[in-house]
């Protein structure tokens, strides 16, 4: 049976590595982002299906899933990887930017997960994954909006797991507790300390391992950090 996956908030880091891993495992992958031009090379590499979406917009997310209904036979895996960050001292934060951070980081996760769950519940199986961050479990100075969004996303995952896992849908949240290597975003890594940043391919390896878990022992949350990090 053919297998199908969707990555929302697709880019050049974790999501690209996961897309490649899914493709290698036989999945057809849809890559969704606000701008898909940046994904053309990846799509060519894996035969991916590109869809533009504003994850925080109800109509846009609905259109995304209507597109998938037309082009995919089913939906086996969804990764919500989108987020929006605005930084600054609490008293200086722009409320409009804070609202956008919450909409993309958390509300968008709900919109995508709700649409995915409708389809997976009908087939009585599937997996919905969320990419979290250090900010999912601890707030940092000058980063309140990101923590607010990521805390909410983590809460969504926990609530969903308790509701959906008995229906055959595996929900998992991944706390990426460290910087991620990504040359396209100015993080190529340090030759003197090659493991100082998380390798996106290694993160994708863990995502795939969780995806393959037997349902008698599903993980709800996995925390990943570089082994050289000082606790």
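Below is a table of values for the structure above.
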| read-out | value |
| --- | --- |
| Residue satisfying all of: in region 6-44; in contact (Cβ under 8 Å) with a residue 60 or more places away in the chain and part of a strand (DSSP E or B); farthest from residue 82 (Cα to Cα) among these | 6 |
| Boolean, residue 78 is within 12 Å of the chain's Cα centre (by Cα) and assigned to a strand (DSSP E or B) | yes |
| Qualifying residue in region 175-187 (condition: touching a helix residue (DSSP H, G or I) at 6+ places or on another chain (Cβ under 6 Å), under 29 Å from residue 102 (Cα atoms) and modelled with pLDDT of 95 or more) | yes |
| Filtered residues of region 210-231 (kept if in contact with a strand residue (DSSP E or B) (Cβ under 9 Å, 6 or more places away or on another chain) and closer than 24 Å to residue 26 by Cβ) | 210, 211, 213, 215, 218, 219, 222 |
| Verdict on residue 56 being surrounded by 17 or more Cβ atoms within 10 Å (Cβ to Cβ), assigned to a loop (DSSP other than H, G, I, E, B) and touching a residue at least 12 places away in the same chain (Cβ under 8 Å) | yes |
| The listed residue being buried (at least 16 other Cβ atoms within 10 Å of the Cβ), out of contact with any helix residue (DSSP H, G or I) (no Cβ under 9 Å at 6 or more places or on another chain) and touching a residue at least 24 places away in the same chain (Cβ under 8 Å), out of 200, 145, 226 | 226 |
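The values are calculated or read from the model by the stated rules, or taken from the named source; none is laboratory data. Since this is a predicted model, take the numbers as computed values, not measurements. We place every Cβ from the backbone using ideal geometry, glycine too, and count neighbours over all the protein chains shown.
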